[in-house]
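The values are calculated or read from the model by the stated rules, or taken from the named source; none is laboratory data. Everything quoted here is computed from the prediction, not taken from an experiment. Quick reminder, even Gly has a Cβ in these numbers, built from the backbone with ideal geometry, and neighbours come from all protein chains shown.
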Amino acid sequence: MNTPNTPNTSNATSRAAGGGTPGIVVGFIGGGNMASAIVGGLVAQGMPAADIRVVEPFAEARARLADAFGVEARETPSEDHLAACDLVVWAVKPQNLREAAAAAAPFARDALHLSIAAGIPGDSIVRWTGARRVVRAMPNTPALIGQGITGLFACTPLEADDRQKIERVLAATGECLWVEREALLDAVTALSGSGPAYVFYFLEAMVASGIAMGLAPAQARQLAIRTFSGASALAAASADPLPELRARVTSKGGTTHAAIAVLEAEGMQQRFGKALEAARQRAQTMAAEFGRD
Ligand SMILES: NC(=O)c1ccc[n+]([C@@H]2O[C@H](COP(=O)([O-])OP(=O)(O)OC[C@H]3O[C@@H](n4cnc5c(N)ncnc54)[C@H](OP(=O)(O)O)[C@@H]3O)[C@@H](O)[C@H]2O)c1
């Protein structure tokens, strides 16, 4: 995808400490959507294209990376391309990771390894790559415009310096946070990995309701999207609990109160909980499917 990346301007604490370029050589196995998002962000931050190495079998994707970011992508992995990498990012679909690791990992075993492949357990990645330092990540699609959030889990013991390298690279895509147990990555998948789709779903419902009440489709879309981004920004800027923020715009007997009463009567929070639990269980099943030997 050729979505442009925006340089990071936020000073949120979970962004990379210090900012600037990571100052390391980063290899990407797989040059699709997620890899392009990270590469684009790194280049926008001033990282030299020569410090980025990509392996990507699809010629069109290689050409896109070269055109958009001046990065050299090769069809197959090789020692001269990958041995200099301090960090290798596994950005292939889960079903391709094992095969990709067999071909590329021998050239970069000493590197720090970061897998963004959904659902592949850390012990499988360690086994397939033979690497000693492995991190699993669950990003989400707003990464494509530098507005993502990524959950991270250290699958092996890591020095603080390794954590910082990962954070500096992912700062190109937005914020990140570490979780202490691998199982929590399934919760991250259910909440923020799949989350953008819930937001789109909610927006669709708001737009459809606006149109049903007589607004033009473009007006309904603008009102819904701006309401979502504005309310999210308000919540991000406030230390107050979410129920309190909601209570502040819900005067008793008013319009918002009428709407929230219907959502409560319909059990929306419980339904939402069920939906996220279904996503979490699916992530667990996928881990069992794809992580098999
Ligand atoms: N997109 C998201 O929202 C999102 C969110 C969270 C996590 N993830 C995870 O991130 C990973 C990458 O997702 P994506 O959306 O970037 O996928 P993608 O666009 O399909 O990119 C994967 C790329 O890897 C290439 N590839 C396949 N086998 C390879 C091999 N053996 N060696 C090198 N490259 C190979 C593919 O080439 P071909 O097309 O020729 O096969 C493709 O270009 C997935 O595991 C996904 O689950 C994605």
Problem set entry | E182 vs. criteria in contact with a Cys (Cβ under 8 Å, 6 or more places away or on another chain) and under 25 Å from G40 (Cβ atoms) | no
Seminar exercise, completed: If we take region 127-223, then helices (runs of 4 or more DSSP H) inside it with 2 or more residues that are surrounded by fewer than 18 Cβ atoms within 10 Å (Cβ to Cβ), more than 12 Å from the ligand (Cβ to nearest atom) and of a type in the set (S, T, Y) are 195-212
Exercise. Failed condition for G122, given (1) more than 13 Å from the ligand (Cβ to nearest atom); (2) under 27 Å from A50 (Cα atoms), with all others met?
Worked result: (2)
Exercise. If a residue has to be more than 10 Å from the ligand (Cβ to nearest atom) and surrounded by 21 or more Cβ atoms within 10 Å (Cβ to Cβ) to count, how many in region 44-64 make the cut?
Worked result: 3
Problem set entry | Criterion: crowded, with 24+ Cβ neighbours inside 10 Å, touching a residue at least 40 places away in the same chain (Cβ under 8 Å) and more than 12 Å from the ligand (Cβ to nearest atom) - qualifying residue of A91, A108 | A108
Seminar exercise, completed: Within region 70-88, residues closer than 23 Å to L144 by Cα, small (G, A, S) and surrounded by 15 or more Cβ atoms within 10 Å (Cβ to Cβ) come out as A73
For this session: Only residues in region 192-206 that are farther than 17 Å from E277 by Cα count as the first member; pair them with residues that are of a type outside the set (G, A, S) and at pLDDT 95 or above, Cβ under 7 angstrom, at least 6 apart or cross-chain, and list the lot.
Result: L203/I225; L203/F228
Exercise. Just one of the numbered conditions (1) under 26 Å from E289 (Cα atoms); (2) at pLDDT below 95; (3) surrounded by 19 or more Cβ atoms within 10 Å (Cβ to Cβ) is not true of N8; which one?
Worked result: (1)
Problem set entry | Flag for A117 being within 11 Å of the ligand (Cβ to nearest atom), among the small types (G, A, S) and within 18 Å of the chain's Cα centre (by Cα) | yes
Seminar exercise, completed: Residue pairs qualifying under the 8 Å Cβ cut-off, at least six apart or on distinct chains, with the first in region 132-147 being closer than 14 Å to G195 by Cβ and touching a residue at least 12 places away in the same chain (Cβ under 8 Å) and the second being among the hydroxyl-bearing types (S, T, Y) and more than 13 Å from the ligand (Cβ to nearest atom), are Q147/T6
Exercise. List pairs: first in region 270-293 and within 29 Å of R98 (Cβ to Cβ), second at pLDDT 90 or above and among the acidic types (D, E), Cβ under 8 Å, 6+ apart or cross-chain?
Worked result: R280/D186; A283/D186; Q284/D186; A287/D186; G291/D123
Exercise. How many of the residues in region 224-249 are more than 18 Å from I260 (Cβ to Cβ) and surrounded by 13 or more Cβ atoms within 10 Å (Cβ to Cβ)?
Worked result: 1
